[in-house]
Amino acid sequence: MNIGNPLLAREEVLRERNAAALTVNGVMNKTGILFAVLLIAFGYTWHLYASGTETLPIGKMGVGTIATIGAIGGFILALIIIFGKLATPYLIIPYAACQGLFLGGVSAYYEAAYPGIVMQAALLTLTCFFAILLAYKFNIVRYSPGLAKFIMVAILGIVIAYVVSFIGGFFGMPLKFLHDSSPLSIGISIFIVIIATLSFVIDFEAINQASQQNVAKKLEWYFAFSLMVSLVWLYLEILRLLGKLRAKD
């Protein structure tokens with residue numbers, strides 16, 4: 001989920017300044033570093049799936065186990081980064097690596113069920129990202145407090161629905177309309193993909209404002225982390241949507 005965005009508007013983050021100021025290019029460069037780390041970790045897990053060799057130096061682990069380790073590690077690191085307000089690459093880079101392991105495992109599962117789906121999801125994710133970036137840059141989609149409030153309320157609703165479904169799953173009562181391939185479920189997934197895409201507007205506006213207010217350069221890592229959280233969420237939701245569409249066929 002887009003858990004990084006709400007914190008970007010906090011005054012204590014925007015007020016932190018020093019001589020070395022944050023720049024948009026600096027944020028993009030650090031986002032590129034995180035993306036490269038994620039791809040390397042993703043590639044490792046994917047290689048294990050593709051080659052059928054799931055052996056690690058510490059023993060034998062399946063792709064699913066590696067993905068679970070990545071998911072748990074990424075979740076813990078994200079909580080530390082967010083609530084500890086720690087804009088340090090020593091936590092954010094390992095977070096990207098954990099997400100790469102997680103995404104590699106999840107992608108392997110979907111690829112096994114629906115060949116070719118991972119490439120489609122990756123291309124659609126990049127397309128959505130650059131489309132909303134251009135829309136923001138050319139004022140086709142403009143940031144406003146109203147839009148931000150709508151996006152955050154929608155994200156909160158999505159989080160609550162997923163949590164309820166997760167807990168319900170332990171009692172054999174998950175929210176099936178979130179996971180099946182019914183028209184309602186597909187419609188919900190399309191809505192979530194739209195919200196995930198629009199959430200980048202909040203990221204872009206926060207980065208733009210920070211660059212104009214001489215925010216501390218070290219916070220470039222924090223903004224890059226937020227973008228990475230958004231990209232991971234968007235990719236997963238597109239992957240789920242495509243999976244539902246393929247299952248329907």
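Laid out as a table, the results:
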item	result
Every residue from segment 116-148 that is surrounded by fewer than 17 Cβ atoms within 10 Å (Cβ to Cβ), within 16 Å of L234 (Cβ to Cβ) and among the hydroxyl-bearing types (S, T, Y)	T127
Members of segment 149-201 found to be modelled with pLDDT under 85 and loosely packed, with under 13 Cβ neighbours inside 10 Å, listed by number	F166, I167, G169, F170, F171, G172, M173, K176
Candidate set from segment 202-216 (those that are aliphatic (A, V, I, L, M) and over 14 Å from V229 (Cβ atoms)); member that is modelled with the highest pLDDT	A210
Residue match in segment 170-189 (condition: in contact with a Phe, Trp or Tyr (Cβ under 7 Å, 6 or more places away or on another chain), touching a residue at least 24 places away in the same chain (Cβ under 8 Å) and farther than 21 Å from L86 by Cβ)	yes
Segment 185-232, subset among the β-branched types (V, I, T) and over 28 Å from G73 (Cα atoms), residue nearest to the chain's Cα centre (by Cα)	I190
Residue ID - surrounded by the fewest Cβ atoms within 10 Å (Cβ to Cβ), chosen from residues in segment 214-235 that are in contact with an Asp or Glu (Cβ under 9 Å, 6 or more places away or on another chain) and small (G, A, S)	A216
Number of positions in segment 202-218 that are of a type in the set (D, E, K, R) and within 16 Å of N139 (Cβ to Cβ)	1
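The values are calculated or read from the model by the stated rules, or taken from the named source; none is laboratory data. Please read all numbers here as calculations on a predicted model, not as lab measurements. Here Cβ is always computed from backbone atoms with ideal geometry, including for glycine, and neighbour counts include all displayed protein chains.
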